[in-house]
Amino acid sequence: MTSFSGNRNYRWWVVYISAFATFIVGIDSSIVIVCFPKLAETFHVDASVISWVNITYLVLSQSLMLMFGRLGDGSGRKRVYMAGLVCYAAGLLICSFSQNVAHLLIGRSIQGIATAASVSMGMAIAVAAFPEGERGKPLGLVTSARSLGLVIGPVLGGLIVDFLGWRAVFFTRFPITLLGLFFAWWVIDDQKAGGEFRLDVWGSGTLFFWLSSLMLFLSFGGKWGFRTGLVLALGALTAVLFCLFLQIERKCHHPIINLDLFRKPLFAAASASATCQGATTMTVIFLLPFYLIQGLGYSSSLAGSLLSIIALPPLLVAPISGRLSDRMGSRPLSTLGMSMIFLAVYLLWRLDSHPGIFPIAAGLAVLGAGMGTFQPPNNSAILGSVPRSMLGTASAVVSTATQLGLSAGFAIAGTVFSARESFHSAALFHNGTGPSLLKSLSVVGSFHDTLLVAMVSCGLGVIACLVRGSDRSV
């Protein structure tokens with residue numbers, strides 16, 4: 001135990017350090033994308049090759065979170081969290097000095113593994129430092145940290161690439177990560193469940209391959225279509241691995257995740273609503289650049305500035321929502337937040353080909369406020385429905401459920417948007433629309449059609465919020 005634990009502000013120090021992981025992941029989610037054109041130019045490859053820089057990172061980070069969550073509960077959350085930061089720093093160095101795409105992929109793979117470890121532990125460490133009735137406070141701050149990272153990432157990345165080069169995007173974050181590692185070592189007390197711990201090797205391995213195949217199925221399906229041979233094979237493999245994973249977990253004495261948790265209405269419904277929220281949000285984020293740039297003719301810088309509006313409201317709303325959820329419970333605020341997201345999608349759906357900037361900004365602001373209202377109480381519901389000895393696993397479930405939704409939203413939105421754009425383009429051409437308007441009008445039409453899918457996803461999320469059980473500690 002560190003001597004810092006006697007400090008009267010100890011728990012808030014723990015929250016700030018735990019939020020650090022979500023902050024750097026928020027930055028990573030947006031800052032690296034800015035580098036893609038320069039990376040393609042430097043290594044003389046096209047965009048399809050460079051996209052693997054992100055796919056590799058996402059597949060590994062999403063597929064390993066549950067394993068690290070279980071590992072942290074058994075062997076110590078601080079150890080897993082710090083190991084994640086060490087590996088993340090190593091990945092940054094490798095990316096900084098990459099001489100080819102293979103080196104870059106190795107570095108991003110290490111970063112993906114590190115993200116799974118640090119993010120799965122960060123939320124659990126923060127919540128464990130607070131009493132049962134005050135979970136919303138740390139969760140609100142953790143949510144705000146990720147939003148802050150998402151806001152800073154594109155702006156910071158653009159400046160660094162322009163003035164220092166793409167390698168500095170990775171290298172400048174190396175000393176910051178080391179600083180976070182030092183404070184984690186100095187401040188945080190180790191946390192782990194008592195009793196015997198055994199890692200479910202077969203379950204962990206099957207889960208890794210299942211989630212990896214699912215991520216690849218969604219990624220390739222969105223890019224090539226879900227009817228191609230490789231994508232269909234990945235879909236079949238995903239189904240087989242999922243059934244195998246369930247069979248292994250039912251028979252295992254020390255499962256990586258206790259499937260009985262999903263028998264609890266609160267845990268199951270909150271996990272489902274997190275997935276729906278992720279899918280809805282990613283659908284909107286995927287569609288907006290096409291609508292703003294190709295549909296309305298806005299510049300890339302203006303489109304980027306408008307998109308950043310989404311991440312601003314959670315900075316203010318999430319801490320308030322977290323504190324209120326400690327008093328009101330998760331169901332009212334989660335339902336309100338998901339309803340606000342539905343309203344935002346509806347407002348965006350009503351936009352035409354000449355909307356003006358204010359209606360767009362208003363819709364995006366409502367979307368961000370809805371996200372900030374929804375996430376802290378919903379995450380609190382998941383973490384509060386399990387014993388404190390399983391906080392690491394529950395934290396990993398939150399991250400995995402959200403990331404699955406994001407990946408599904410990205411893939412489905414890409415498929416529906418492409419199909420509907422082709423439909424609208426052909427219909428407009430047959431109606432005699434000139435080439436100058438054909439592209440923009442077909443994009444606007446497909447934007448509206450695909451948002452209907454987001455409405456369905458969000459509507460299911462609202463239902464999941466309404467039917468969940470009452471909050472209660474286990």
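A short reminder: the numbers here are calculations on the coordinates, not readings from a lab. Keep in mind that this is a model prediction, so the values were computed, not measured. Here the Cβ is made from the backbone with ideal geometry for all residues, glycine too, and neighbour counts use every protein chain on show.
Around residue 260, with a cut-off of 12 angstrom between Cβ atoms, what is the net charge of the other residues, counting Lys and Arg +1 and Asp and Glu -1? Before the final figure, lay out the partial values.
Values: positive: 250, 263, 264; negative: 249.
Net charge around residue 260: +2.
Report the local net charge at residue 283: Lys and Arg +1, Asp and Glu -1, summed over other residues whose C-beta lies under 14 Å from its C-beta. Kindly include the intermediate steps, with their values, before the conclusion.
Working: positive: 420; negative: 449.
Net local charge, residue 283 excluded: 0.
Multiply the residue gap between residue 199 and residue 254 by 0.36 nm, knock off their C-alpha separation, and tell me the result in nm, one decimal place.
Working: separation 55, 0.36 × 55 = 19.80 nm, distance 0.71 nm.
So the chain would gain 19.1 nm between residue 199 and residue 254.
Please work out the Cα center distance from region 52-115 to region 250-329, rounded to the nearest Å.
Between the Cα centre of region 52-115 and that of region 250-329, the gap is 22 Å.
Compute the normalised compactness of the chain: alpha-carbon radius of gyration over 2.2 N^0.38 Å, N being the residue count. Could the numbers behind the result be given before it?
Numbers: Rg = 21.9 Å, N = 474, 2.2 N^0.38 = 22.9 Å.
Here the Cα radius of gyration is 0.96 times the empirical estimate.
Once the dipole of the chain is set up with Lys and Arg at +1 and Asp and Glu at -1 on Cβ about the Cα centre, which of 50, 72, 444 lies farthest towards its positive end?
Positive-most Cα among the choices belongs to 72.
So for 354, 254, 448, fewest C-beta neighbours within 10 Å to most, what's the order? Provide the component values of the computation, followed by the final result.
Details: 354 7, 254 14, 448 18.
Fewest to most other Cβ atoms nearby, the residues stand as 354, 254, 448.
To the nearest 10 degrees, how steeply does helix 265-289 sit against the main Cα axis of the chain, on a 0 to 90 scale?
Its long axis makes an angle of about 40 degrees.
For the chain, what relative contact order do you get, as a whole percent, if you take Cα pairs closer than 8 Å and at least 6 residues apart? Walk me through the numbers on the way to the answer.
On the way: 848 pairs, mean separation 108.6, N = 474.
Normalised by residue count, the contact order of the chain is 23 percent.
Using a cut-off of 14 Å between beta-carbons, work out the net charge of the residues near residue 320 (Lys and Arg +1, Asp and Glu -1, residue 320 not included).
With Lys, Arg at +1 and Asp, Glu at -1, the net is +2.
Distance from the Cα centre of region 211-236 to that of region 412-474, in angstrom?
So the separation of the two Cα centres works out to 20 Å.
Using a cut-off of 14 Å between alpha-carbon atoms, which aspartates and glutamates can reach residue 38, once sequence neighbours fewer than 8 places away in the same chain are excluded?
46, 162
Kirkwood Rh over Cα pairs of region 200-255 into Stokes-Einstein at 4 °C, 1.567 mPa s: D in µm²/s? Don't jump to the answer; show the numbers that get you there.
Details: Rh = 11.7 Å.
The diffusion coefficient I find is 111 µm²/s.
Stick to Cα atoms and the Kirkwood definition of Rh, then tell me Rg/Rh for region 261-474.
On the way: Rg = 18.7 Å, Rh = 17.9 Å.
With Rg and the Kirkwood Rh in hand, the quotient comes to 1.05.
In percent, what relative contact order does region 45-177 have, based on Cα pairs under 8 Å that are 6 or more apart in sequence? Display every interim value, and only then the final one.
On the way: 143 pairs, mean separation 38.8, N = 133.
Relative contact order for region 45-177 comes out at 29 percent.
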